[in-house]
Ligand SMILES: NC(=O)c1ccc[n+]([C@@H]2O[C@H](COP(=O)([O-])OP(=O)(O)OC[C@H]3O[C@@H](n4cnc5c(N)ncnc54)[C@H](O)[C@@H]3O)[C@@H](O)[C@H]2O)c1
């Protein structure tokens, strides 16, 4: 059984969520003159053979990991697309997690001034978040995601059966974004996650598909309303200002992004209580219990113990001050108010 969610951006596209969907990507790709698949060195060997034979003719593999979100890799990919003879009626398929998705999306938006791309997301984080919404990027030496475009995919396939091979730390990373989305989406989503958490941790395919579908429905609603992040889309940064500082101090790649987001959400609740922004006190306790139930750290002390690292308050403040979402020198936060409601642009 698969779910189909419409993302009503301009252009609009569908997100397909279910098991064993990779072969369906061929149908979506059949209208293009030529298709190149961009994947990474972990995902390619595991899943390229699940793609239709016609799509396996032109595969470009990049090294797995965040380091591939670079201008160097982007240039190599663009050059290979030209060598393969792709024209303006061609398309790309991103087969992998958020790294491959962000890199492929940017390559698609630049190659011959823009060609379509299809996301085949294989990490939980990419399925619930990164593959939807059209943000593409590579990193600069001075920071993450600093060079990118908005380029919506032509279609997204979130095949939850690929999550079976996902390393535990990467699965946990996706769960941090699942938690964030539930808090933003409201009471029904929070209760559903509380109910489903054990089945999700057991990687039950139906529970996973239900969860991914709920997250995508919420993100689809938000990005359709605010595709360029000038207002409501900022809510998706709940927990992220703290998370980016945690990732920065630890060294990027040491703590999975979504794990840092889970801690960041705990810190956002602390700030919301301190500033009198939180209107539903019980939500902080529920969020903490749910975070723990999902096997994620609830506070900085837990992550310090788990990773044997220190996050001094002055280093956290300095790192947050350099966050690209700030206005001028003021650190701006997204803080929880009640289930399904956050306050945007709250100064730290
Ligand atoms: N564009 C957006 O809106 C958006 C949103 C959130 C995050 N991101 C970006 O996404 C990136 C993180 O994405 P990610 O967490 O998916 O990381 P990732 O793409 O690096 O994948 C994590 C690891 O899992 C491996 N992997 C992927 N799928 C697998 C599978 N099914 N089985 C086994 N191994 C598999 C990858 O090779 C990699 O080693 C970051 O660069 C972040 O900036 C983008």
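The table for this structure:
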{"item": "Wholly enclosed strands (runs of 3 or more DSSP E) of region 17-110 bearing at least 1 residues away from the ligand (no atom under 15 Å from the Cβ) and either modelled with pLDDT of 95 or more or more than 20 Å from the chain's Cα centre (by Cα) (or both)", "result": "35-40, 91-96"}
{"item": "Among the candidates 342, 259, 277, residue that is within 25 Å of residue 65 (Cα to Cα), modelled with pLDDT of 95 or more, surrounded by 15 or more Cβ atoms within 10 Å (Cβ to Cβ) and touching a helix residue (DSSP H, G or I) at 6+ places or on another chain (Cβ under 8 Å)", "result": "259"}
{"item": "Candidate set from region 119-133 (those that are more than 11 Å from residue 157 (Cα to Cα) and near the ligand (Cβ under 6 Å from one of its atoms)); member that is surrounded by the fewest Cβ atoms within 10 Å (Cβ to Cβ)", "result": "133"}
{"item": "Check on residue 285, without any contact (Cβ under 8 Å) to a residue 12 or more places away in the chain and within 16 Å of the ligand (Cβ to nearest atom)", "result": "no"}
{"item": "Test for residue 173: is it more than 17 Å from the chain's Cα centre (by Cα) and either within 14 Å of residue 128 (Cβ to Cβ) or in a helix (DSSP H, G or I) (or both)", "result": "no"}
{"item": "Some residue of region 185-199 being within 11 Å of the ligand (Cβ to nearest atom), within 17 Å of the chain's Cα centre (by Cα) and at pLDDT 95 or above", "result": "no"}
{"item": "All positions within region 145-168 that are within 9 Å of the ligand (Cβ to nearest atom) and within 17 Å of residue 64 (Cβ to Cβ)", "result": "162, 163, 165, 166, 167"}
{"item": "In region 77-88, the residues that are exposed (fewer than 13 other Cβ atoms within 10 Å of the Cβ) and farther than 10 Å from residue 112 by Cα", "result": "79, 83, 85"}
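The values are calculated or read from the model by the stated rules, or taken from the named source; none is laboratory data. Keep in mind that this is a model prediction, so the values were computed, not measured. Neighbour counts are summed over all protein chains in view; Cβ atoms, including those assigned to glycine, are modelled from backbone coordinates with ideal geometry.
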